[in-house]
Structures are given as C-alpha cells and as structure tokens.
1. Is it the case that segment 47-61 has a residue that's within 15 Å of residue 71 (Cα to Cα), near ligand 2 (Cβ under 9 Å from one of its atoms) and small (Gly, Ala, Ser)?
2. Does segment 65-76 hold any residues that are within 16 Å of ligand 2 (Cβ to nearest atom), surrounded by fewer than 19 Cβ atoms within 10 Å (Cβ to Cβ) and assigned to a loop (DSSP other than H, G, I, E, B), and which are they?
3. Among the residues of segment 66-81, is any touching a Pro at 6+ places or on another chain (Cβ under 8 Å) and small (Gly, Ala, Ser)?
4. Please tell me if residue 40 is within 13 Å of ligand 3 (Cβ to nearest atom) and part of a loop (DSSP other than H, G, I, E, B).
5. Are there any pairs, at least 6 apart or on different chains, whose C-beta atoms fall under 9 Å, with the first in segment 11-35 and on the phi > 0 side of the Ramachandran plot and the second at pLDDT below 95, and if so, which?
6. Which count do you get for residues in segment 2-21 that are farther than 18 Å from residue 80 by Cβ and either touching a helix residue (DSSP H, G or I) at 6+ places or on another chain (Cβ under 7 Å) or surrounded by 10 or more Cβ atoms within 10 Å (Cβ to Cβ) (or both)?
Amino acid sequence: MNECVHVSALPRPEPEPLSETCPECLAAGSHPVQLRLCLTCGHVGCCDSSPFQHATAHSKETGHPVMRSFEPGESWRWCFVDGSIV
Ligand SMILES: [Zn+2]
Ligand SMILES: [Zn+2]
Ligand SMILES: [Zn+2]
C-alpha cells in the first residue's frame, strides 16, 4: 500500500453521499458510466469513462483529493494528488 497523507486527513466516518447519482449529469441529461464518491464532502460524480468526468472536475474545482468507487461491491479509493489507488 502506498503512503497517502490525504487518506489519513479524510473525515471519519466518511461523509454521507449527497445524491444517488451524478447531479451534473442529471441536469445535463447525460448518463454516467460509473459513479465516484468524494470522501471529503460526499459529492457524487461520474467516472473518467463518462462523457463529462464530473468526479475529476469536482476534485479540480475543490481540491478534494480522494474519491472512492460508488459502485456496488467496489470500495477502492483513488487519490488525485498522488495519481494512484490508495
Ligand atoms: Zn494522496
Ligand atoms: Zn457527471
Ligand atoms: Zn468533494
């Protein structure tokens, strides 16, 4: 496992998801491929295989470093700062 200072700085317990799906996609009438949950604020955004990549856009806008998969049965986390699974 990589040492990731961002994971250790995350709020615990993790934030409640703010929505069931990507709200930006919903507003744009687009369909997310997969969903990601921001572990700083609970924002739900779509993955990089989705047309708008709102999870990445959220991290860039807010500086929130770590998201995890919001797909059933998946729990891996991604750190945008380190650029790796953490
Ligand atoms: Zn990190
Ligand atoms: Zn989206
Ligand atoms: Zn966030």
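The values are calculated or read from the model by the stated rules, or taken from the named source; none is laboratory data. These numbers were taken from a predicted model, which means no experiment stands behind them. We place every Cβ from the backbone using ideal geometry, glycine too, and count neighbours over all the protein chains shown.
1. Within segment 47-61, the subset within 15 Å of residue 71 (Cα to Cα) is 47-50, 55.
Now narrow it down to the ones that are near ligand 2 (Cβ under 9 Å from one of its atoms): 47, 50, 55.
After this cut, where a residue has to be small (Gly, Ala, Ser) as well, the list is 50, 55.
Scanning segment 47-61 turns up at least one residue that is within 15 Å of residue 71 (Cα to Cα), near ligand 2 (Cβ under 9 Å from one of its atoms) and small (Gly, Ala, Ser).
2. Within segment 65-76, just 71 meets the criteria.
3. Looking only at segment 66-81, we keep the residues that are touching a Pro at 6+ places or on another chain (Cβ under 8 Å), and these are 70, 79-81.
Now drop any that are not small (Gly, Ala, Ser), which leaves none.
Looking through segment 66-81, none of the residues is touching a Pro at 6+ places or on another chain (Cβ under 8 Å) and small (Gly, Ala, Ser).
4. Details: within 13 Å of ligand 3 (Cβ to nearest atom): yes; part of a loop (DSSP other than H, G, I, E, B): yes.
In short, yes.
5. Note: no pairs meet the criteria.
6. Of the residues in segment 2-21, the ones farther than 18 Å from residue 80 by Cβ are 12-13, 16-21.
When the remaining residues are screened for being either touching a helix residue (DSSP H, G or I) at 6+ places or on another chain (Cβ under 7 Å) or surrounded by 10 or more Cβ atoms within 10 Å (Cβ to Cβ) (or both), the result is 17-21.
Going through segment 2-21 one residue at a time, the tally reaches 5.
For (1) touching a strand residue (DSSP E or B) at 6+ places or on another chain (Cβ under 8 Å); (2) modelled with pLDDT under 95; (3) within 16 Å of ligand 3 (Cβ to nearest atom); (4) charged (D, E, K, R), each residue gets a yes or a no:
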residue	(1), (2), (3), (4)
51	no, no, no, no
54	yes, no, yes, no
59	yes, no, yes, no
63	no, no, yes, no
67	yes, no, yes, no
70	yes, no, yes, no
80	yes, no, yes, no
85	yes, no, no, no
